[in-house]
Amino acid sequence: MHIMSEKGAAGGGLRERKKRATRAALAEAAVRLAAEHGAEKVTVEAISAAAGVSARTFFNYFDTRDDAFVVIDADAGARIRRAVLDAPAALSPLEALHGAMAAELAETEQQHELWRLHAQVLRASPHLLVRSLGAHMADETALAEVIAARIRSGGRPVSESAPGSESAPGSDEERREALDLYPRLLAAVASTAVRTSVEHWCARQEEAAFLDVFREVFALLAAGLPAPHA
């Protein structure tokens, strides 16, 4: 699931915030138009007009029309990876990942309608669903790489261990480490935790706030998924 966070967009300078806001407006316009008319009937011109920009501006943010339907917020994964790498050394990889994702998901209760429409668009367009799955898998692999990097650094923020580097393993040995079982499993479990939390909360919104559900999911993971009492 690709995350869209207004909180994440609040960071950076004014120019960067405007760029993020424009990209978010284009992605939202694309999803809403596709949900109403079908993705195949939505043009770049219609998306751009709905977002209040020119068609030329659209291509400053997306290489193709379909890209606007596939990924709601392309920067979310990078923000999560950065937060995992910079989390306090005392936190375990699971705790660091929980904190990074919780910060990115802070606006979930405001965004769930758009997420629902996005899922509807993907279900109706198999080729977009395939592209979305590919993007999701790439994000998951990149997340596994930064988890491996954090473990290698002993939890030190990357600014202390490798200034100027976001994450990526450099040597062949480091890349092999990123593909080890633990980083890959944690990245995959975290992705599943987001999806499960969203689905559970959407079905029971009156019972708890989303972040409380998300916190409970990670608490269960941290405890080793003990069997619930009968």
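The values are calculated or read from the model by the stated rules, or taken from the named source; none is laboratory data. What you see is a predicted model; the values in this text were computed from it and never measured. No Cβ is skipped: glycine too gets one built from the backbone with ideal geometry, and neighbour counts run over all protein chains shown.
The helices (runs of 4 or more DSSP H) found wholly in segment 27-129 and carrying at least 2 residues that are within 30 Å of A222 (Cβ to Cβ) occupy 76-86, 93-104, 108-124.
Can you confirm whether D139 is in contact (Cβ under 8 Å) with a residue 12 or more places away in the chain, within 17 Å of A193 (Cβ to Cβ), touching a helix residue (DSSP H, G or I) at 6+ places or on another chain (Cβ under 8 Å) and not hydrophobic (A, V, I, L, M, F, W, C)? Considered against the rule, which asks whether it is in contact (Cβ under 8 Å) with a residue 12 or more places away in the chain, within 17 Å of A193 (Cβ to Cβ), touching a helix residue (DSSP H, G or I) at 6+ places or on another chain (Cβ under 8 Å) and not hydrophobic (A, V, I, L, M, F, W, C), D139 comes out as yes. Restricting the search to segment 184-213, which residues are within 20 Å of I147 (Cα to Cα) and either crowded, with 16+ Cβ neighbours inside 10 Å or without any contact (Cβ under 8 Å) to a residue 40 or more places away in the chain (or both)? Passing the criteria: R184, L185, L186, A187, V189, A190, S191, T192, A193, V194. With respect to A96, is the statement that it is at pLDDT below 95, on the phi < 0 side of the Ramachandran plot and not acidic (D, E) true? Considered against the rule, which asks whether it is at pLDDT below 95, on the phi < 0 side of the Ramachandran plot and not acidic (D, E), A96 comes out as no.
Pairing residues of segment 31-50 that are farther than 10 Å from F69 by Cβ with residues that are assigned to a helix (DSSP H, G or I) and among the aromatic types (F, W, Y), at Cβ distances under 7 Å and at least 6 apart in sequence or on separate chains, gives V44/F58; S48/F58.
Taking the criterion of being surrounded by 17 or more Cβ atoms within 10 Å (Cβ to Cβ), among the hydrophobic types (A, V, I, L, M, F, W, C), in contact (Cβ under 8 Å) with a residue 60 or more places away in the chain and under 22 Å from G154 (Cβ atoms), the residues of segment 65-100 that qualify are I80, V84, L85, A87, L97.
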